[in-house]
Amino acid sequence: MEAWKFFKRTLVLVAKGRPVYYLWCALLLFVMAVGLWFYVKQMEIGLILTSMRDQVSWGLYIANFTYLVGVAAAAVLLVIPAYVYHFDPIKEIVVLGELFAASSIVMALLFVTVDLGRPDRFWHLMPGIGKLAFPNSLLAWDVIVLNGYLALNVIVPVYILVNSYYEKEPVRSFVVPLILLSIPWAVGIHTVTAFLYNGLAARPFWNASILAPRFLASAFCSGPAMVIIIFQVIRKVSQIKFSDEALFKIAELIAYAMFLNIFLLGAEVFKEYYSNTIHLAPLRYLYEGLHGHRALVPWMWLSLAFNITAFILFLVPSTRKRLPTLNLGAFMIIVGVWIEKGPGFVAPGFIPDPLGEIYEYFPNFSELAISLGVWACGLLVFTLFMKVAIPIVRGDFVHSKYAKDLTKIEPR
Amino acid sequence: MRRIAFVMVLIGLFAFCWYEQGKAKQEDFPVPRPPFSEGIFPCSNCHAGMEVNTKRRELKEEHTNIKLKHGSISRWCLDCHDAANRDMLRLVNGDQIDFSHSYELCGQCHGPTYRDWKVGVHGKRVGYFDGGQRTYFLCVNCHNPHDPKFKPIKPEPPPFKPLYRYDPTAKTGQAGQTGKQ
Amino acid sequence: MAGKRYSRRDFIKLASVATLSGLGLSGISCKKADLEEFLQTHYLEMTEEDKKRTIARLEEKYLKKYGKQFTISTKGAKPGTLWAYGLDLSRCIGCRRCVYGCVKENNNSRYNPQLQWIRVIRLPEGSLINLENAEHYYNPSQVPEPGYVYMPVQCQHCENPPCVKVCPVRATWKEPDGLVVVDYNWCIGCRYCIAACPYKGRVFNWAEPNIPTEELNTAVHYLGNRPRYKNVVDKCTFCVQRVRNGRYPACVEACPTGTRKFGNLLDPDSEIRYLLDHKRVFRLKEDLNTEPKFYYFFGL
């Protein structure tokens, strides 16, 4: 009964807001509706509606999935400073960061679902009921690990927030082990995602040991960069307050991760270009073009330029500690890493294909619409989470027994 | 006297068995009917009453459609076709074999290929390899014995390029062949 | 209380609308056969009665869809068999008769999408296994073209199949007679196996298959050439419906130059054993340790 009352009150919180809030939600719902329409068409006609074919059988959906798992893993970059090193500026926003990770995982899982040919057979994936091929198949690992991470990143913040609502101290012996578990688990989700590509001997571009470290490095760039941008937006539209120190610290950690990312890219480039075997082909396709196919070349050079510029911007304290350059760097990283980890990673695994054919995959409108729909869904989930979490964190939204003024339950 | 006759019969029998054992056994394979041209077989329909001319020459009156391109420098028609009985073929040692055992004739020169054919590694076999009717194609089912070199043939169409336009109303696949990709 | 908009009446209204719409949506396609198909267990876990029931349901479904009576076999592997394939690269002329013979025998979609289990590639003489030089779409007026070698590639039925290793729901597995098969009613269409196959042996049904009804082959096997569905994976099965009855696969019979050889590795008198003993055989991408059972050799 108490839980129902709490839930009803959150519905009230979510239903009221400023006009810009309604506009934002309406926009997201519209994009979701368009995506859903195309998805229904895709399920009706078949995946032939996308540009994926036998030669390139994974495309925009799995590219976004890879990127978003990385973004979700990066919540650990907030959890470690907050809970292990008790860095106060970040401690203020860590709960929101965990909810951000949860929204990312929701998006990642949705991307896998829209990519599946027969999602109506999803029950085949459930351990015990279906026939989940654990531990042989890395996708089976991914199913377990991603859902576990989602559970962790929903249970821990919700537990803390609900306790805050009741002005109770969270039971440390329950929540701290879960928080500490989420640190290696975050590393784990992205390692498992990296391994699912890594284990395929058929795709020499992916069958490189550098994949898992590179994934982690680029994840720890892109996720926190999104946090930097999104949280500034939140700070503007809501009444949450946190100091810029938190953002600067995150940017510093991103700088180290970006260095590692660029270094590992350099290592890959050296190995392929110097050894000059036929396995150079995918990398050459990315940065030079292969047999006249050059679609991704400008994108990859743009991504490299963005990454290096952002690295410098974040490394130099004077540009890091100034919001305009900080935001520019963050935006560059978000785009640069998306290109590198999305199309710049999934497509060259299939180009050239195992029998030497080159099919240049480029997503078509229906794939774009569905992808944008999934992004909109994740953003909506995150918005709704924030709409409830921020008043709790600020202390505005508490149980009526503790409210200082009954009429003050006015969320913004 | 009777004893000598008896011993001679024994020796004769022995020699006959020895001789028979030395003669190559005709192996039998489940081959189809030889691919004769229409109406050409049995050859004795025409050749029974004809005079046999074993002089090597170019044929001017009949069989002018056959141009021998198979060892033609050292061989001509009657090296393989039996001169006395045109319904049979002729091995090098003079033995006659019928057309459905023509593989023995080919095998005289093409030894390794013949060995492979007997096992099934050369040539074509269709049907049941186990527990049913099967057919081992004769050499001449694929190779024209007078002009055995395979002629090039027109290939079947290539696969469609990957990104052909999906057209739910299309009744044929013609639309699939266009497009760069 | 300020902001309390959800009265009991509102709640009842919302709840009833939600329930009705849910029932309505589920009622759209909730026939008993569909429900049975949804709940169908994995082929390897079916009992004999399960299999019989499934076959009956599928035969009825095909009858309704194509107007023809199919006979779906569930014949298991014969003991003491391990099927393997031999391909004589010196004799392939790239005519693609095998490709279309396979398409006919195995009820493959002809167009929208076009599914071909065999892919013949043309390689220049002198650099045989460098597949980067492979040409898939050669279309000369006559084959063979001088200076080129033709190599057909299909599922290699590996002993160490990477596709089986990566399937998250075990929809594909290796049968006791060495054939790698797919249960089309269990596959979820994630296409991980297509990414894992080093030989492009697997293809995906990107849309509902289009097979002209007069060309349908109604003697099918559950794991083989029965008409598939959209959004599931399929591949060459070495004609499981034929070989388990002792017949040669369709591609072997279609080839005009006798390039293709097929047999039982465990039978010392088979063609394939003779090949392995007397010819110089190799397999594609042997460094990947997949142990394919598709042997290429040069007979000439």
Residue check for A:A267: within 14 Å of chain C (Cβ to nearest Cβ), assigned to a helix (DSSP H, G or I) and aliphatic (A, V, I, L, M): no
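On the basis of being modelled with pLDDT under 90 and either among the basic types (K, R) or closer than 14 Å to A:G373 by Cβ (or both), does A:K91 make the cut? So that I can check it myself, show each step before the final result.
Numbers: modelled with pLDDT under 90: yes; either among the basic types (K, R) or closer than 14 Å to A:G373 by Cβ (or both): yes.
Taking the combined requirement at face value, the residue satisfies it.
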Subset of the range B:66-114 (residues that are over 19 Å from B:V31 (Cβ atoms), hydrophobic (A, V, I, L, M, F, W, C) and touching a Ser or Thr at 6+ places or on another chain (Cβ under 9 Å)): B:L78, B:A83
Cβ-Cβ under 8 Å pairs, at least 6 apart or on other chains, the range C:129-155 side at the interface with another protein chain (Cβ under 7 Å from one of its Cβ atoms) and in contact (Cβ under 8 Å) with a residue 60 or more places away in the chain, far side among the charged types (D, E, K, R) and in a strand (DSSP E or B): C:V153/C:R119
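How do the helices (runs of 4 or more DSSP H) wholly within the range A:66-138 filter down when requiring 1 or more residues that are of a type in the set (D, E, K, R) and more than 14 Å from every other protein chain (Cβ to nearest Cβ): which remain? Break it down stepwise before answering.
On the way: elements: A:76-79, A:88-91, A:94-115.
Qualifying helices (runs of 4 or more DSSP H): A:88-91, A:94-115.
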Pair list, Cβ < 8 Å and 6+ apart or interchain, from the range B:122-140 residues that are touching a residue at least 60 places away in the same chain (Cβ under 8 Å) to residues that are surrounded by fewer than 20 Cβ atoms within 10 Å (Cβ to Cβ) and aliphatic (A, V, I, L, M): B:R134/B:V126; B:T135/B:V31; B:T135/B:V126; B:Y136/B:V31; B:F137/B:V31; B:F137/B:V126; B:L138/B:V31
Output for the range A:299-327, where each listed residue is among the β-branched types (V, I, T), in a helix (DSSP H, G or I) and free of Cβ contacts under 8 Å to residues at least 40 places away in the same chain: A:T309, A:I312, A:T319, A:T325
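Considering only residues of the range C:212-228 that are of a type in the set (S, T, N, Q) and farther than 20 Å from C:C163 by Cα, which is nearest to the other protein chains (Cβ to nearest Cβ)?
Taking the range C:212-228 first, the residues of a type in the set (S, T, N, Q) are C:213, C:217-218, C:225.
Checking the rest, the ones that are also farther than 20 Å from C:C163 by Cα come to C:213, C:217-218.
Values: C:T213: 13, C:N217: 16, C:T218: 19 Å.
Filtering the range C:212-228 for residues that are of a type in the set (S, T, N, Q) and farther than 20 Å from C:C163 by Cα, the one nearest to the other protein chains (Cβ to nearest Cβ) comes out as C:T213.
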Residue list for the range C:184-211, filter: hydrophobic (A, V, I, L, M, F, W, C), more than 7 Å from every other protein chain (Cβ to nearest Cβ) and touching a residue at least 60 places away in the same chain (Cβ under 8 Å): C:I211
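Any chance you could count how many residues in the range C:61-102 are in a loop (DSSP other than H, G, I, E, B), closer than 30 Å to C:N139 by Cβ and among the small types (G, A, S)?
Taking the range C:61-102 and keeping what is in a loop (DSSP other than H, G, I, E, B), we get C:67-70, C:74-82, C:89-96.
Remaining after also requiring closer than 30 Å to C:N139 by Cβ: C:89-96.
This time we only want the ones that are among the small types (G, A, S), so: C:90, C:94.
Adding up the residues that qualify gives 2.
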Boolean, C:R96 is touching an Asp or Glu at 6+ places or on another chain (Cβ under 9 Å), within 10 Å of chain A (Cβ to nearest Cβ) and on the phi > 0 side of the Ramachandran plot: no
Meets criteria (among the small types (G, A, S) and buried (at least 23 other Cβ atoms within 10 Å of the Cβ)) for A:A369: no
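Looking at A:A186, A:A202 in this structure, which one is within 13 Å of chain C (Cβ to nearest Cβ), touching a residue at least 40 places away in the same chain (Cβ under 8 Å) and in contact with a helix residue (DSSP H, G or I) (Cβ under 9 Å, 6 or more places away or on another chain)? So that I can check it myself, show each step before the final result.
On the way: A:A186 fails: within 13 Å of chain C (Cβ to nearest Cβ).
None of the other options fit; the residue is A:A202.
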Scope the range C:97-130; condition under 22 Å from C:C255 (Cα atoms) and of a type in the set (G, A, S); matching residues: C:G101, C:S109
Any hit, the range C:254-265, residues being touching a Ser or Thr at 6+ places or on another chain (Cβ under 8 Å), outside any helix (DSSP H, G or I) and under 21 Å from C:M151 (Cβ atoms): yes
Test result for C:L82, among the aliphatic types (A, V, I, L, M), surrounded by fewer than 20 Cβ atoms within 10 Å (Cβ to Cβ) and more than 15 Å from B:P159 (Cα to Cα): yes
Which numbered condition A:S51 misses (of (1) under 30 Å from C:R228 (Cα atoms); (2) crowded, with 23+ Cβ neighbours inside 10 Å; (3) not β-branched (V, I, T)): (2)
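Take A:K387 and tell me if it is among the basic types (K, R), on the phi < 0 side of the Ramachandran plot and either touching a Lys or Arg at 6+ places or on another chain (Cβ under 8 Å) or outside any helix (DSSP H, G or I) (or both).
Values: among the basic types (K, R): yes; on the phi < 0 side of the Ramachandran plot: yes; either touching a Lys or Arg at 6+ places or on another chain (Cβ under 8 Å) or outside any helix (DSSP H, G or I) (or both): no.
No: the conditions fail for A:K387.
In the range C:212-241, which residues are without any contact (Cβ under 8 Å) to a residue 40 or more places away in the chain and either buried (at least 22 other Cβ atoms within 10 Å of the Cβ) or outside any loop (DSSP other than H, G, I, E, B) (or both)?
The first filter runs over the range C:212-241 and keeps only residues without any contact (Cβ under 8 Å) to a residue 40 or more places away in the chain, leaving C:214, C:230.
C:E214, the sole residue that qualifies.
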Members of the range A:3-48 that are buried (at least 16 other Cβ atoms within 10 Å of the Cβ), among the small types (G, A, S) and more than 14 Å from every other protein chain (Cβ to nearest Cβ): A:G35
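Is it fair to say B:L138 is farther than 28 Å from C:Y248 by Cβ, surrounded by 14 or more Cβ atoms within 10 Å (Cβ to Cβ), touching a helix residue (DSSP H, G or I) at 6+ places or on another chain (Cβ under 8 Å) and of a type in the set (A, V, I, L, M)?
Answer is no for this residue.
In the range A:41-62, which residues are of a type outside the set (G, A, S), out of contact with any helix residue (DSSP H, G or I) (no Cβ under 7 Å at 6 or more places or on another chain) and either at pLDDT 95 or above or part of a loop (DSSP other than H, G, I, E, B) (or both)? Spell out the reasoning first.
Our first condition is that a residue be of a type outside the set (G, A, S); within the range A:41-62, this holds for A:41-45, A:47-50, A:52-56, A:58, A:60-62.
Now drop any that are not out of contact with any helix residue (DSSP H, G or I) (no Cβ under 7 Å at 6 or more places or on another chain), which leaves A:43-45, A:47-48, A:52-53.
Of everything in the range A:41-62, those that are of a type outside the set (G, A, S), out of contact with any helix residue (DSSP H, G or I) (no Cβ under 7 Å at 6 or more places or on another chain) and either at pLDDT 95 or above or part of a loop (DSSP other than H, G, I, E, B) (or both) turn out to be A:M52, A:R53.
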All positions within the range B:151-176 that are within 8 Å of another protein chain (Cβ to nearest Cβ) and modelled with pLDDT of 90 or more: B:P152, B:I153, B:K154, B:P155, B:E156, B:P157, B:P158, B:P159
Residue match in the range C:51-73 (condition: in contact (Cβ under 8 Å) with a residue 12 or more places away in the chain, of a type in the set (G, A, S) and within 12 Å of chain B (Cβ to nearest Cβ)): no
Residue within the range B:63-76 that is of a type in the set (D, E, K, R), surrounded by fewer than 17 Cβ atoms within 10 Å (Cβ to Cβ) and modelled with pLDDT under 90 present: yes
Evaluation of C:S127 against (1) on the phi > 0 side of the Ramachandran plot; (2) surrounded by fewer than 22 Cβ atoms within 10 Å (Cβ to Cβ) (one fails), failing number: (1)
Residue in the range B:109-126 that is surrounded by 17 or more Cβ atoms within 10 Å (Cβ to Cβ), within 9 Å of chain C (Cβ to nearest Cβ), assigned to a strand (DSSP E or B) and modelled with pLDDT under 90 present: no
Index of the failed condition, A:L315 passing every other in (1) farther than 30 Å from A:A26 by Cα; (2) under 21 Å from the mean Cα position of the chain (by Cα): (2)
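The values are calculated or read from the model by the stated rules, or taken from the named source; none is laboratory data. Keep in mind it's a predicted model, so treat the numbers as computed, not measured. Reconstructed Cβ throughout: ideal geometry from the backbone, glycine too, with neighbour counts over all protein chains shown.
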